[in-house]
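The values are calculated or read from the model by the stated rules, or taken from the named source; none is laboratory data. Since we're looking at a predicted model, the values are computed, not measured. A quick note on method: Cβ atoms are made from the backbone with ideal geometry, for glycine too, and the neighbour counts reach across all protein chains shown. All accessible areas refer to the heavy atoms of the entire protein, side chains included, with ligands and DNA or RNA removed. Shrake-Rupley method; radii C 1.70, N 1.55, O 1.52, S 1.80 Å.
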Amino acid sequence: MAIVETMRAVTIADFGADPELIELPVPELGPTEILIRIEAAAVNPFDWKVIDGALKDFVPHTFPLILGNDAAGVVERAGADVTRFQPGDRVCGQFMSVRRGRGAYAEYAVAAETGFLAILPPELPFAVAAALPTAGMSAYNAVDATCAASGQTILINGATGGVGQFAVQFAAQRGLRVIATAGQDMADYLRELGAAEIVDRAQGNTVDQVQAAYPKGIDAVLDLVSGPADALRVADLLALDGIFISTVGGLDQEALTAKGVVGMNFSNKSSTELLETLVAMASSGTLRVRIDAEVPLAQVAATASDLRTRRARGKTVILPR
C-alpha cells in the first residue's frame, strides 16, 4: 500500500483545548525510526490528563499535539539504520512524544526502534494488542509493588476498568485471594478472571463490607480510583505490615504514616521485556482482554467528553479505518 502524504489525526491546539480531527503530514522518519500504519489505538485515562497539562512542567510540548499513547499496527517503512523491525511486521507499543507533538490517535505513527514496542504473532487481533501496553504494564507492576505473597488477601478497588481487570488476573495468577469491587453487571466476569470475592458498592460502603468480612485486616490494597480523603478510610482495612498502592496519586503520605500504614503513589515504568511477556500471555489466552467499545477515529473528537467521563468496563479502542 502506498503511503499517502497526509493523514487524519486527533489533536489539541493547546492545553485545555477541545480535541479536533485534522489533516497533518505523515511524519518523516529518522534513521532509527519506524513508521506504523495504525490499525487500533487504545484510550487511557492519562490521555486526557495530557490535555490538562499533566506534563507541562516537566517536558516541552509541540502543538498541534496528537493524542494517545498505545496502539497496534503494521510497519510501513523503516529508517536506514533500523535492524529490529522491517516493513510488514505487526507491532504494538507506546507512541506518545509530547516533545515532538506525536501520538497514537492517528492513521500513522512514528516510534524509535529502541522504544517500547513488541512484535505481534499473526493470531493476536490489533484491538487486543493495542489495549495491552499502558494498562497491562501498569497493572502488572502495581501488583508487583504490593509484594503480596501467595495466600495473602488483596483488595483491588476499581476492578472493572482496563487496569483493574488486568490487575485481578495478575494477582490471582500469583496465588493471591482477590477481593474486587464491581457492580452486578461485572461480577461474574471478574470471578472468571480470578476474583475470589466481589464487593458491590450498591450493597453498602466498600470499607464497611470488607471490614465485616475481614475484621483482622487484609494484606494489601491496590486502589485505582480513590482520592486522598477516601483512600485514608480504605487504608483502615489493612492489617499490620499491610501495604497500600495507589495508581491515581491518591495517597497523603504523612496521613498514612500517622496511621502506621505503608503506602506508595505508584508511577509505572514501561519495559520492552514486560510488553513482550504480555503479548505472549494474550496470544496464549492466559491474559484476557475485554474490549468495551470501538470508536471510529472520525468520531473521537466529537465524543471526547463522553469518552473521558464514561465508566469503562474494559478497554476502549479507536479504529482509524
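In a residue-by-residue description of the stretch 139-149, the property of being touching a residue at least 12 places away in the same chain (Cβ under 8 Å), over 21 Å from residue 273 (Cα atoms) and either of a type in the set (D, E, K, R) or buried (at least 17 other Cβ atoms within 10 Å of the Cβ) (or both) applies to at least one position.
Put simply, of 219, 241, 223 the only residue that is under 26 Å from residue 198 (Cα atoms), among the acidic types (Asp, Glu) and at pLDDT below 95 is 241.
Of the residues in the stretch 249-266, none is under 20 Å from residue 288 (Cα atoms) and either β-branched (Val, Ile, Thr) or in contact with a Pro (Cβ under 9 Å, 6 or more places away or on another chain) (or both). For the stretch 280-296, state whether one or more residues are open to solvent by less than 80 Å² (accessible area, probe 1.4 Å), in contact with a helix residue (DSSP H, G or I) (Cβ under 7 Å, 6 or more places away or on another chain) and small (Gly, Ala, Ser). Yes, the stretch 280-296 has at least one match.
Just one of the numbered conditions (1) in a loop (DSSP other than H, G, I, E, B); (2) within 22 Å of residue 131 (Cβ to Cβ); (3) open to solvent by 10 Å² or more (accessible area, probe 1.4 Å) is not true of residue 189: (1).
A Cβ distance below 6 Å, combined with a sequence gap of six or more or placement on separate chains, defines the contacts here; from the stretch 12-35, residues that are closer than 15 Å to residue 51 by Cα and at pLDDT 95 or above reach residues that are polar (S, T, N, Q) and open to solvent by less than 70 Å² (accessible area, probe 1.4 Å) in the pairs 20/11. Look at (1) within 24 Å of residue 137 (Cα to Cα); (2) free of Cβ contacts under 8 Å to residues at least 60 places away in the same chain; (3) surrounded by 12 or more Cβ atoms within 10 Å (Cβ to Cβ) and you find that residue 267 fails only one, number (3).
Residues being open to solvent by less than 30 Å² (accessible area, probe 1.4 Å), β-branched (Val, Ile, Thr) and farther than 20 Å from residue 187 by Cα: count how many of those fall in the stretch 297-321. Adding up the residues that qualify gives 3. Out of 210, 279, one residue alone is more than 22 Å from the chain's Cα centre (by Cα) and modelled with pLDDT of 95 or more. It is 210. Here residue 231 clears all of (1) in a helix (DSSP H, G or I); (2) open to solvent by 60 Å² or more (accessible area, probe 1.4 Å); (3) in contact with a strand residue (DSSP E or B) (Cβ under 9 Å, 6 or more places away or on another chain); (4) of a type outside the set (Asp, Glu) except the condition numbered (2).
Residues in the stretch 60-73 that are open to solvent by 20 Å² or more (accessible area, probe 1.4 Å) and within 21 Å of the chain's Cα centre (by Cα): 1 in all.
Can you confirm whether residue 56 is touching a residue at least 24 places away in the same chain (Cβ under 8 Å), of a type in the set (Lys, Arg) and open to solvent by 50 Å² or more (accessible area, probe 1.4 Å)? Judged against the criteria, residue 56 is a match. Restricting the stretch 7-45 to residues that are among the polar types (S, T, N, Q) and part of a loop (DSSP other than H, G, I, E, B), the residue that is least open to solvent (accessible area, probe 1.4 Å) is 44.
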